[in-house]
Amino acid sequence: MDMRLFEYALEIYKTKSFTKAASNLHIAQPSLSKQIAKLENELGIRLFHRKPGTVESTSDGLCFVKQAEKILQMRDDLKREIQERKEGMRGDLKIGSTAITGGHILPSLLKNYEKQYPNVHIQLIEEATEKLIDLTAKGLVDISILSLPIEDSRLETKIILTEPLYLALPQEQKNWTPKKVENLIASSKLKEQTILSIEDFANCPFILLKKGYGFRRTVLELCARGKFEPQVPYETSSIETAQSLVANGLGVTVVPEMVIHKNLQQTSVKYIKLDSNPTRTLVFTYNKDRYLSMNAKALIEIHEGESRLT
């Protein structure tokens, strides 16, 4: 069976249109229709229902495209592995991460990577967590840096680091500032080593990351363990922006240790330890059923080498 027919069927399934599929495949629509009809005759089943304005997969067609996708992935993985065996470390490496996490984890890692493997072209894919999980599971990103939990069964993980979380609140007192915090400020006892409970901030406005970011879930679960659902006046895609909003007295937020701003800490934001000692764990993640390229394996090995030195 010609693998081009697998590609044709997959494109029709994705676009839900023979016209769009033919355009994307750079073939004439009558030719595409003829090839799919030939495939259906060979299989003895109907793959698609042609409806006005759209195309829908039959139950048999859905089974076919899922298996066809796996076969094409295996073909691509085999090509890549053979090419790497022949040519060594070169080609592309697509790394996914959220913007802020990538900004803290990747610079030194990529600096060392480029020194060792100058022939590898690195492409950074910055998206929200949910999008990166989907891209990585589909093999459209080679390897991503994300935080646990990752519940997609298609993905494998390797731990990068575990770091503590802190509550960030404005130095300036607001009408929602917890009484316990007001008393500590008044008595000059609110210091770096101060430890409070997340429950102490149940009536504060919380600035959260937008839906689709894994860290949003981390914060909501932390609040849930404190038996409250936070008020959320502002949502952002950046922990940097969240901290700036806190600095201007617009709410509180929770931040990982790596993104704490020392300059804000000295002026307008206070970072408080929580008695539950919350943490987040960052991991490399990749599709466990697909070929993990030498380029991606090298990224993990370089990080492990750096960790041993520190």
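The values are calculated or read from the model by the stated rules, or taken from the named source; none is laboratory data. Quick caveat: nothing in here was measured; it's all calculated off a predicted structure. Neighbour counts run over all protein chains shown; Cβ positions are idealised from the backbone, glycine included. Side chains are part of the model used for accessible areas, which takes the heavy atoms of the whole protein and leaves out ligands, DNA and RNA. Shrake-Rupley method; radii C 1.70, N 1.55, O 1.52, S 1.80 Å.
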For peptides 8-14, 83-89, sequence by mean Cβ density within 10 Å, most packed first: 8-14, 83-89
Keeping every protein chain present and rolling a 1.4 Å probe, give me the accessible area per residue for region 1-79 in Å². 62 Å²
Counting residues in region 19-62 as N, plug N into 2.2 N^0.38 Å and put the Cα Rg over that result. 1.16
To one decimal place, what Kirkwood hydrodynamic radius in Å is obtained for the chain from all pairs of distinct Cα atoms? 22.9 Å
May I ask for log10 I(q)/I(0) of region 87-230 at q = 0.15, 0.19 Å⁻¹, from a Debye sum over the Cα atoms as equal point scatterers with solvent left out? -0.89, -1.16
Listed residues Glu306, Glu156, Glu42 arranged by accessible area, highest first, probe 1.4 Å: Glu42, Glu156, Glu306
The whole-number value in µm²/s of the Stokes-Einstein translational diffusion coefficient for region 58-161, with Rh from the Kirkwood sum over alpha carbon pairs at 37 °C and 0.692 mPa s, is 210 µm²/s
Rank by packing, highest mean first: peptides 44-52, 133-141, with packing defined as the count of other Cβ atoms within 10 Å averaged across residues. 133-141, 44-52
Once fully extended, how much extra length lies between Glu42 and Leu62, figured as 0.36 nm per residue of separation less the alpha-carbon to alpha-carbon distance? 5.5 nm
Taking Cα pairs closer than 8 Å and at least 6 residues apart, the relative contact order of the chain in percent is 22 percent
Please give me the summed charge of the neighbours of Leu25: other residues whose Cβ is under 14 Å from its Cβ, Lys and Arg +1, Asp and Glu -1. +1
FRET efficiency estimate (nearest 0.05) - Cβ-Cβ, Ser238 to Glu301, R0 35 angstrom: 0.70
Hey, what did region 1-132 get for relative contact order, percent, Cα under 8 Å, at least 6 apart? 20 percent
Ranking His104, His261 from most to least accessible area with a 1.4 Å probe gives His104, His261
I need the P(r) histogram for region 11-108: all alpha carbon pairs, bin width 5 Å from 0 out to the longest distance, whole percents. 2, 10, 14, 16, 13, 10, 11, 11, 7, 4, 2, 0
Out of the total accessible area of the chain (probe 1.4 Å, heavy atoms of protein only), what percent is carbon and sulfur? 49 percent
Calculate, for Lys131 and Glu172, the FRET efficiency according to 1/(1 + (r/R0)^6) with r their C-beta to C-beta distance and R0 30 Å; round to the nearest 0.05. 0.25
